[in-house]
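J.: There's a structure below that I have some questions on.
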Amino acid sequence: MNFLISGTDTGVGKTYVACGLIRALRKSGRPAVGLKPLCSGGWEDIEAIMNANEQAVPLHVVNSVLFQAPLAPYAAALVENRTFDLVAAKMNFAGIQSQFSPIFVEGAGGLLVPILRDYDFGDLAADWGLGLIIVAANRLGVLNHCRLIVEVAQRRGLSISAIVLNELDDETDVARQTNPSILEDVLEKPVIRLAHGATDFGPVIRELGL
């Protein structure tokens with residue numbers, strides 16, 4: 001199975017999780033790679049994924065469109081008067097499936113971020129047959145954010161493959177300590193907590209069944 005890595009917000013660690021999974025699987029001999037079809041505001045995420053891929057996939061396949069404006073793809077496309085070719089991006093994805101598995105497709109922001117006026121990353125996950133990896137920052141407010149994205153995903157019939165709670169720093173408080181167990185309780189799903197700077201992605205890989 002291939003996966004969409006989506007966040008509850010921007011800056012929660014989607015690229016970090018994507019690259020960690022790719023590196024761990026490739027180190028074990030699996031031909032895993034990542035894509036970031038749409039990227040806004042900078043080259044850094046694309047470069048990180050290219051490096052995790054060990055340059056196994058050409059740049060034009062990893063990234064179909066790079067917007068300069070740090071905005072949602074639909075907003076950036078309007079500002080820059082550019083378009084995103086969904087058909088070409090899907091063909092790029094389909095063209096490497098016989099060579100690489102699993103493929104991790106990193107989204108931009110969250111599941112409902114618009115790519116086109118009436119097409120978002122949830123639609124892309126459904127069209128491309130991707131399981132959903134939800135990445136959230138472990139902080140106050142994450143209970144609501146995770147419940148919202150899980151409810152939307154379930155309503156759309158998307159498969160939730162893993163929920164990853166990412167520590168963005170070494171600080172701690174009562175909310176951070178209790179968030180994992182509360183989320184597991186109310187969502188009735190396992191929640192994997194990643195320590196800040198974690199390099200062991202084995203728990204996530206096992207949850208994905210890889």
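J.: Going by Cα centres, the range 14-50 and the range 98-128 are how many Å apart?
T.: Using only Cα atoms, the two centres lie 14 Å from each other.
J.: When you count, for each residue, the other Cβ atoms within 10 Å and take the mean per peptide, how do 40-50, 84-94 rank with the highest first?
T.: So the peptides 40-50, 84-94, ranked by packing, come out 40-50, 84-94.
J.: Spin-label point model (7 Å from Cα, Cβ direction): what's the Thr178 to Arg117 distance in nm?
T.: Output for this residue pair reads 4.6 nm.
J.: What number comes out for the charge environment of Phe67, summing +1 per Lys or Arg and -1 per Asp or Glu over other residues with Cβ under 9 Å away?
T.: Charge balance in the 9 Å sphere: 0.
J.: Rounded to whole Å and sorted largest first, list the principal axis extents of the Cα atoms in the chain.
T.: 45, 39, 32
J.: Full-extension gain between Ser28 and Leu168, please, as 0.36 nm times their residue separation minus the C-alpha to C-alpha distance.
T.: That pair, Ser28 and Leu168, stretches by 47.8 nm at full extension.
J.: If the chain between Gln154 and Trp43 were fully stretched, how many nm would it gain, using 0.36 nm times the residue separation less the Cα-Cα distance?
T.: Residue separation times 0.36 nm, minus the Cα-Cα distance, leaves 36.7 nm.
J.: Now, a different point. Once you place label points 7 Å from the Cα toward the Cβ at Asp185 and Gln68, how far apart are they in nm?
T.: Simple spin-label model gives 5.1 nm for this pair.
J.: Related question: Using mean Cβ contacts within 10 Å as the protection proxy, how do 123-130, 170-177 order, highest first?
T.: Ranked from most to least packed, the peptides come out as 123-130, 170-177.
J.: Okay, moving on. If each residue's Cβ is checked for other Cβ atoms within 10 Å, how do His196, His145 rank with the fewest at the top?
T.: Exposure proxy ranking, most exposed first: His196, His145.
Read-outs throughout are calculated quantities, based only on the coordinates presented, and are distinct from any laboratory measurement. Everything numeric in this text was worked out from a predicted model, so none of it was measured. All Cβ positions, glycine included, derive from the backbone under ideal geometry; neighbour counts span all protein chains shown.
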